[in-house]
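First the structure, in the form of C-alpha cells, and then the observations on it.
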Amino acid sequence: MPSADHKLTLEELEQRFAKLKAPAASKQEEVVEPLRWEYRMAACVLSTFEPTLLRPLHPQPVREGALQHLMGDCEAVTAPDGKTRWTLRQGVRQAAIARLGSRSELLSALAANPPREPDLLQRMISDWLKGTARPLEEQGLEELSCTLQIVHWFRTLVPELPGPRQVQRRLEWLQFMAPFQYLAGQGFCGRRTELQKLRDYVGVVDVSTSETVRRSLLEAFGAFSRKPLLIHGPGGMGKSTLLARFILEHAEADERIPFVYLDFDDPTLSLDNPVTLLMEIARQLHLQRPEMEVLARFRRLCADVTPEQAYPWRRLTDEERKPTTEALSALLDRLEAVDERAHPDAVQPGLSPWPPWQVLTQTLGIALATMLRTQSSLRLPRVLLVLDTFEEVQFRGIAQVETLTLFLLLLQESCPQLRTVLCGRAPTEHLQADALPLTELEPEASRELLLLNGVEDREAIDGLVNQLGGNPLTLKLAADVVKREGSSRGGIQGLKTRRLFFFSAREAVIQGQLYQRILGHIHDPKVRKLAHPGLVVRRITPEIIAKVLAGPCELRLDGGEEVDRLFEEFKREVSLVFVAADQSLHHRTDVRRVMLESLKAEKPAQVREIHEAAVRFYEGHADPLSRAEEIYHRLALGEPPRQVEGRWMPGVEPYLGNALEELPPAARPFLASRLGLELPPRMWEEAELADWERNVESRVRGMLARGDARHALQVMGARKERTPGSPLYELETQALQRLGKVDEALEVVEEGLAAATPMAGASSVPLLLLRAELATALQQHELAEEGLRHAEQIARRVGREDFVLQVLVARVRIGARSPEQWRERAAALQAFLADVSDELLARHDRLARLAFGLVAGSQPRLLVKGLEVVGFGKGRTSAPDVRDVLSLLRRTGWPSATRAFEAGAAEDFLVEVLHASNCPPELGPWLARIFVLEGLPEEPVRTRHPSQWAAVLADEGSERDEGLPGWIAQAYEPLRGKSGESPDSSALADRSPGRVALSRLAVILETMREEDADRARIPLLLVRAELASRTGDIALAEESLLQAARIAQRTGQSGRWLQALTRRAQLDAATPEQWNERRASLARLLAENPDDVAYKNPRLARLGIGLVASTYPKLLMWGLQGVGIGGDVLVLLRIGDDIARLLRHAGWPRAQAVWYRPAEVERFLAEVLASQDCPADLPAMITLAFIKSGTLELDTFPPPGQGDLIK
C-alpha cells in the first residue's frame, strides 16, 4: 500500500486541475465518493489541517493521502508560523457538517483528528462544540470574530450558539470601544481633580457630595440643562487619554450611559453640513441601543436630505417636542412626508423656514430625550456627547464655531439631560462653554507614568521628573530614551531644559532633543536615515523609499526585498511613526514639525533634494492624495503660489489641512485661502492680494448667505486695493444692494468695470448685469440698456452661451417700459431657448428653468423642451405650486395624473398633456410659474447670532394638534342632534372616520321625515359628498352634489346651489367631457344669477370663477369688477407677487405703484385684461388668484348653517 504522504505525479495534478476548471454551471449534482466524504467530515471541524496528518473519520484502507481526495475541496492558507496549511472551502464545509447531522458526530470528528497546535479559531470551535465556550460578554475582539464564523458554520447543530446578529452587535461594540480602551490603558496616571470635575459635570458616576447637593437643588427647580464643558491644553498634555478614561467610566458603569464620540479630525464630519454629525450620532447610539429602531429611521431621513434641495420644514410644535415614542414617530412621519419638504407654503404664516439641519437637530434631541425617558432606570438619566479636536473647528473660522454653538444649543434645548464635553487646544469666547484647563501632571503622577512606561529605577524617575516636569508626551519620549541609554540621578545627560523658554517652546525643544536621542539608538543605519532626514516627506511607503528617499538619504538598496525589509523595520519604531489608514507610515505629528525646522537649518541642501524628488515622484500620479503631496512639496520648496495654482485639483483639500504650519510663511495665505482656514490678521494683511481676496470671498459669500451684509462690508473693507476683475466688486455691490444703498452699489460697479483690463472679457459680464439691475432701480433706463447690450456683445464675442442666457434673462427680468419692448425681449429669449443645446441648459438648469418660466407660458413647444431637458428640479413634484397643477389635471379629466406624479414621471405626463387637443388652457402659464419659482435666486437666510437663538427657541409659539382633523369634526356636526353622540376615538376605533360618518349619514337620510326633506337634507348631502370624496368614492360624491344642487335650485337656496356646483367642479373628472359639463353648469349659474349667487356668497363665487373662467373671459372680467379677488389678498398671497412680477416684466411698470393700494389693484387688472397688450399668461394667473382667495382654508367647504358664509 502506498504511504499516506504519496506524492502526486505531474499527470495526476493536471487531471485534478482539469476537474477544478470544469464548468460550474452543470445542473447535475456532483457524485462524491465515500472516502472523499470521510475526509471532508474529518476536516469540517478543523480551522486548518495538514493533509499528511488528516485521517478519515471512519478508519478504512487508504491508498492515497487526504490532499489527493480534497484537492478541489480546499485551499491553501499561511499559518502564523509561516507554514502552509489547508482549509475547507465554505460550501464544502457546510455540506460536510450537514452530513454529520448531530453534535455528537461533530465531537467524534474532532476526536478523530485532535489538533496538535490549535490556533484561536480551532480552540473556539472545540470550546463551542464541547459547551465550554465563554459567554459573549467575556470574549475579546478576536474571540468574537471566531465565534461569528463558528455561528455561520455550526448554528444548525449547536443550539446554544448565539444568533449572528447578536454576535455582530457585540463585535461592533468592542471595535467601537477598542480605541478608548487602548488609550486609557496606556499608562493613565493622575488627573484625579480633572476626572472628578468631569464626573460631577455628568452627575451619574462617583459624583462628589457637594455636587450632589448642588444639582439636587437646581433640578428641584427644573434646571436640568448645563453648558458644554471644554477641556483645553497644548498638544501632548494627555487630553485624549483623559477623555478615553472618562468615556470608559461612563460606558462601562453598572448601567451604561449612552455616549457619542465625534472627532473633528475625521474628514467625513463637516460643520458646513451638520447633517453629517447627526448621522454619526444616530449611528453610534443605535449601536448601543439596537432596540431604538427610530434612530435607524432618523439616519435614513438624514441620508435623504441633500444640500442642494430646499426643505423649508416648519418648526416643531409643542406636541412634537414631547419626549414620547408616539410623538417622535408622528414627527418623523411628518418629516418623511414628501409634501412637507419643498416649499415655503408648508411653513407657518409669518415665520421663516428653518434650515433642514436645524429641524433635524431638534428632532434628534427629542429622540435622545425619548430614549432616556423610555429606556433608562436611572433617577437622573444622561446622554454624553464628546467632541474631540475642537481646534480643527476653530482653525476654520468663527462661522464654524458659531454653527457648532447653535448645533449644541438646539440639541440641549430638546434634550436637557445631554452633557457635552469638548476637547481642544485653546478656549474661545465664541463658544458658550465652561473651561477645564489641562496642565502638567503632578510629580507623583509623573513618576507613576514613567514607571508604567518601563523606567524602573526610582532615583532615575525622580531625576527625570525634576529635569522635565509633567508633560505626558515629554515623559513618554524620555522613558524611551532611558530604556535605550539609561540615565543618572540628575536625569538624561546632555539635555537642555532651560526653564526660561515660554512653556510651549520649551516643551518643543525638549521633545526635539529626545527625538534625536531616540534616533541615535536605531541600530540599523539605513532605518536611521529613513527617520532623519526622511521625515521631510509626510508619508512613507516602500515605493517612496526607493524612488524619493534612497538618493538624498544615501541609501544603497539591493532591490525590492531590502526596500520591503527597511519599511517593516521602520514600522517597528512605534515611538517615531504610526501606520495610517492607507498603510503608509507617518511620523509622529507632535514632534515632526519641531524636528523639521531644525533639519531645514542643519541640512538645507538635503531637504531641498528630498522635496524635489518627491515632486518628480508625485507629479506622475493623478489621484487627489498624490496631487496634494505634490502641492505640499512644491510650496515647501518656495515655488510661487501662482505657479503652484495650476496644479490644484478638486479633492486635495482633506490632505492639506494639516500642512499649513509646516510651510513657509509666504505659502500659508495661498493654502489657507484655498482651504477656508483662518490665519492671524497680520498675516492676511501681508498676504498677496489675490490670496487675501480669495479668503475674503469665501467668508463673505457665507455672510451674505446668512443675510449678514453689514459684517460682510466690514470684512471687505479691511483692504481697499483690488485685483483687476476681483470678485469682491460683485460681492460688495450685492452687500450694499441688500442694505438699500443702491447709489453706492452702482458706484462700486463702475469702479470694478473701470479697474478691469481691456481684455477682461467674460469676467466683466456679472458686473454689467448688476449695473443694469441697479440702474433700473434708479430709473436710469438708458444706462441699464447700455450695460445689457455691452454684456451681450462680450458674451457672444467670447463664445459664452451661458453668459448670453444670463443677459437675455436679465433683460426680461429688469422690466420693460412698454409692451412692445417686452415682446422684443421675450422673442429674443424664446429664440435662444429654441436653438441652444440641451447640454448647456442642463448644465445651468436653475437659470434655464427661470428662462423657460419667463417666456414659455404661451409657447407649448418651449414648455415641452423645458420639461424634457431640466424638469422641475429635485423634490419639486410635491411643492404646493406643483400640486396646483395636479389638482387642475385631476378635475379637468386626467385621472392618471396622480399616479404619474407619485411615480416621479410628472414631467413626461405633462408633455403628453401639452400635446393633447384638450389640454387645459391654464396649464401652460401655471407650469411657467413653477419654472420661475424654481429658477429665482434664493433669498438669503436671515440668521441670528447663537446667543439670540435661545430666546427664539424658548419664546416662539407653534400650532397644536387638537386631535381629530377639522373636516371630520365638521362632518359629525349635523349628526349631533340626530344621534346624540359626538365624535370620539371609540367611535373610530375599528373603521376609518369617513366610513363611520358615511354609515351614519346613510341611516339618517333614509329615516328622515318628509317635512325635513328639503332644507335639512341639503347640509347632509353636502357632508356626504365631502366624506365620499375624501374616501375616494367620487360617484357617490357626484350623486350627492347633484341632489343637493337640484333641491337648492328648486327651493331657491342660491348659496347652497353654488356650494354644490363649485364642490362638484373640484371633484376628479373621469374624462375631459365630464369636466366640460361640470364647468358649463357652474359658469351658467354664475353668469345668470350674479346678484343672488355671487354678491351674497363672494368667497364661494371667487372659487367658482377661478375654476371655470379660463374659457369664459367675460366671467373673469365680471369677477374682477364685481366680487373682486380681494386686493388685500393679492398683496398677501404669493400668487399676487407672481402677477405683479409678470406685469412689470411685460411692460406695465405702473403695477409697481398700484400693487400696494388694494382699492386700485382689481381696477388695474381689469384695465390690463381689456387691453390688446394683455400678457398671454395673465388670465390664467388671475384664475389661480381667484382659486387661492376662494379656497376655504384647510376644511375645503363651510360648515352648513354658517349664514355669514352661505346665504
Cα-Cα over 24 Å, subset of Lys483/Lys600; Lys239/Lys603; Lys197/Lys239; Lys741/Lys1188; Lys476/Lys603; Lys239/Lys529: Lys483/Lys600; Lys239/Lys603; Lys741/Lys1188; Lys476/Lys603; Lys239/Lys529
Can you compute the FRET efficiency between Ser208 and Glu569 using 1/(1 + (r/R0)^6), with r the Cβ-Cβ distance and R0 = 56 Å? Round to the nearest 0.05. 0.65
Spelling out what I want: for every residue of the stretch 1131-1136, take phi, set θ = phi - 60°, compute 6.51 cos²θ - 1.76 cosθ + 1.60 (Karplus), and round to whole Hz; glycine and proline get x. 6, 8, 7, 5, 4, x
Classify the stretch 533-579: rounded, prolate or oblate, from the alpha-carbon gyration tensor (a ≥ b ≥ c, eigenvalue square roots; a/c under 1.5 rounded; otherwise prolate if a/b is larger than b/c)? oblate
Rounded to whole angstrom, the alpha-carbon centroid of the stretch 152-201 lies from that of the stretch 67-127 at a distance of 30
Working out 0.36 nm times the residue gap between Glu255 and Glu444, then minus their Cα-Cα distance, what length gain in nm do you get to one decimal? 64.8 nm
With the cut-off at 1.5 for a/c, could you classify the stretch 104-149 from its C-alpha gyration tensor as rounded, prolate or oblate? prolate
Using only Cα atoms, locate the centre of the stretch 1055-1079 and the centre of the stretch 1123-1187, then give the distance between them in Å, rounded to an integer. 27
Once amide hydrogens are built 1.01 Å from N within the peptide plane, the residues lying 5 or more places from Leu385 or on another chain with amide H under 5 Å from its amide H are Val260, Arg419, Thr420, Val421
Please find the FRET efficiency linking Lys720 to His915, where r is the Cβ-Cβ separation and R0 is fixed at 56 Å, and quote it to the nearest 0.05. 0.40
Simple spin-label model, 7 Å along Cα-to-Cβ: Arg334 to Arg55 in nm? 7.4
Set the Förster radius R0 to 60 Å, insert the Cβ-Cβ distance between Ser1171 and Asp582 as r into 1/(1 + (r/R0)^6), and round the FRET efficiency to 0.05. 0.25
Multiply the residue gap between Ala76 and Glu839 by 0.36 nm, knock off their C-alpha separation, and tell me the result in nm, one decimal place. 269.3 nm
Pull out the extension gain between Asp119 and Thr325, defined as 0.36 nm times the separation in residues minus the alpha carbon to alpha carbon distance; nm, one decimal. 69.4 nm
Obtain the nm distance between the two label points defined at Ala605 and Asn658 by a simple spin-label model: each point lies 7 Å from its Cα along the Cα-to-C-beta direction. 3.3
Packing-based ranking, highest mean first, of 243-252, 147-156, 132-141, 806-815 given that Cβ atoms within 10 Å are counted: 806-815, 243-252, 147-156, 132-141
Could you check the simple spin-label distance between Arg1046 and Lys1096, using points 7 Å along Cα→Cβ, in nm with one decimal? 2.2
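No value in this document is a laboratory result; all are computed from the given coordinates. On a predicted model such as this, the values are computed, not experimentally measured, just so you know. Don't worry about glycine lacking a Cβ; one is built from the backbone with ideal geometry, like all the others, and counts go over all protein chains shown.
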